[in-house]
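One structure is given below, encoded as structure tokens.
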Amino acid sequence: MSRIAYVNGRYLPHAEAGVSIDDRGFQFADSVYEVCEVIGGKLVDERRHMARLQRSLDRLHMARPVSVKALAVIMRETIRRNRVTDGIVYVQVSRGQMRRDFTFPPEGTQPTLVVTARSNDLAKIEARAAKGIVVVTVPDERWRHVDIKSVSLLPNVLAKQTARDKGAHEAWLVDAKGYVTEGASSTAWIVTRDGILVTRPLAGDILPGVTRSVLLDLIAEQGLRFEERAFTVEEAHAAREAFVTSASQSVMPVTEIDGRPVGNGAPGLTAGALRRDYHSRAEFS
Ligand code: PDD
């Protein structure tokens, strides 16, 4: 029997079921989910699972794709179509589909809803329960690996949306000690009052930006004064210049941080010169 999945209003064979490559879940892990147990064809603890789903949606300011009642019907229909007596039903909601952009899609964008169900091998689970299971301990690293260019970008999405809500283009992320790590989707730089370029070193707590590495070569070539060290929010507020770097905007001057002008509030000369020269150092292929 072929498995059936519910996707945005349609029940489809798994092989034909899919979401857009522009789906926020695929692009940014911008989605939430629930797994409910099914016993004797009945949902187990549905009320509590649906309450948690609502909480997850609310926490991420995500719209409901369908009403609570409609979802209850869809879950049961997915269970029925897959002839699941004992197993699980899986529900995933993403923020929907939009051209890739960190900030939220426009109001009214239809969230994506996927529901699947599958049977459990009860005999196998009972046999396992009779024997017990083995556990190993591992460090809790959820999600510390920001040095990997992974699509686990939900925190970046939320930071960027906060920036957008405050009329800003980018959010600079600040660590527990008050030092700027990087932008939500860019590398952060300042130029001190003494004219020294500063950006955070690569120590696992930022993404190793390609633009950053090319710019470091350019800076060395031009003999500019440079320090690879963490800088605080206060230092950024007091900086002569600030800018961000990324593949999508090369060198982009920052003129305001937290409502305060950077330097005289106009794009800085150093940032401007580096922006002009960047592509002379970049590799073209
Ligand atoms: N973002 N830090 C983060 C968190 C980023 O997402 C990016 C790039 C950078 C800069 O890296 P690079 O110089 O290699 O582009 C730093 C891309 C542009 C994006 O997600 O759209």
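The values are calculated or read from the model by the stated rules, or taken from the named source; none is laboratory data. Just so we're clear, the structure is a prediction, and the values are computed from it rather than from any experiment. Methodologically, a virtual Cβ is constructed for each residue, glycine included, from the backbone with ideal geometry; neighbour enumeration extends over all protein chains shown. Side chains are part of the model used for accessible areas, which takes the heavy atoms of the whole protein and leaves out ligands, DNA and RNA. Shrake-Rupley method; radii C 1.70, N 1.55, O 1.52, S 1.80 Å.
Table: residues versus (1) modelled with pLDDT under 95; (2) closer than 30 Å to Gly223 by Cβ; (3) among the basic types (Lys, Arg).
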position: Arg144; (1), (2), (3): yes, no, yes
position: Asp147; (1), (2), (3): no, yes, no
position: Leu153; (1), (2), (3): no, no, no
position: Gly183; (1), (2), (3): no, yes, no
position: Leu197; (1), (2), (3): no, yes, no
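Going by the conditions given, is Val68 in the same structural domain as Pro111 (by TED's automatic domain parsing) and free of Cβ contacts under 8 Å to residues at least 12 places away in the same chain? No: the conditions fail for Val68.
Go through region 190-208 and give me each residue that's within 15 Å of the ligand (Cβ to nearest atom) and either free of Cβ contacts under 8 Å to residues at least 24 places away in the same chain or of a type in the set (A, V, I, L, M, F, W, C) (or both).
If the condition is that a residue be within 15 Å of the ligand (Cβ to nearest atom) and either free of Cβ contacts under 8 Å to residues at least 24 places away in the same chain or of a type in the set (A, V, I, L, M, F, W, C) (or both), then Leu202, Ala203, Ile206, Leu207 are the ones that fit.
How many residues, within region 238-257, are without any contact (Cβ under 8 Å) to a residue 40 or more places away in the chain, touching a helix residue (DSSP H, G or I) at 6+ places or on another chain (Cβ under 7 Å) and not small (Gly, Ala, Ser)? The qualifying residues number 1. Taking the listed residues Thr187, Thr211, the one that is within 9 Å of the ligand (Cβ to nearest atom), assigned by TED's automatic domain parsing to the domain that holds Val262, touching a Gly at 6+ places or on another chain (Cβ under 7 Å) and open to solvent by less than 20 Å² (accessible area, probe 1.4 Å) is Thr187, with no other qualifying. Per the listing Arg229, Arg276, the residue uniquely in contact (Cβ under 8 Å) with a residue 12 or more places away in the chain and over 25 Å from the mean Cα position of the chain (by Cα) is Arg229. Within region 113-135, is even one residue open to solvent by less than 100 Å² (accessible area, probe 1.4 Å) and under 22 Å from Ala163 (Cα atoms)? No, because not a single residue in region 113-135 is open to solvent by less than 100 Å² (accessible area, probe 1.4 Å) and under 22 Å from Ala163 (Cα atoms).
Table: residues versus (1) of a type in the set (Asp, Glu); (2) farther than 20 Å from Arg83 by Cα.
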{"position": "Leu12", "(1), (2)": "no, no"}
{"position": "Ser20", "(1), (2)": "no, yes"}
{"position": "Asp23", "(1), (2)": "yes, yes"}
{"position": "Ser31", "(1), (2)": "no, yes"}
{"position": "Val35", "(1), (2)": "no, no"}
{"position": "Lys42", "(1), (2)": "no, no"}
{"position": "Arg52", "(1), (2)": "no, yes"}
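Considered as a group, the residues in region 233-253 that are assigned to a strand (DSSP E or B) and open to solvent by 30 Å² or more (accessible area, probe 1.4 Å) include one that is nearest to the ligand (Cβ to nearest atom), and that residue is Met252. When region 262-274 is filtered for residues that are crowded, with 19+ Cβ neighbours inside 10 Å and in a helix (DSSP H, G or I), the ones remaining, listed by number, are Thr270, Ala271, Leu274. Considering region 214-232 alone, what residues qualify as being within 16 Å of the ligand (Cβ to nearest atom), closer than 24 Å to Pro261 by Cβ and touching a Phe, Trp or Tyr at 6+ places or on another chain (Cβ under 6 Å)? Ala230 - this is the single residue of region 214-232 that is within 16 Å of the ligand (Cβ to nearest atom), closer than 24 Å to Pro261 by Cβ and touching a Phe, Trp or Tyr at 6+ places or on another chain (Cβ under 6 Å).
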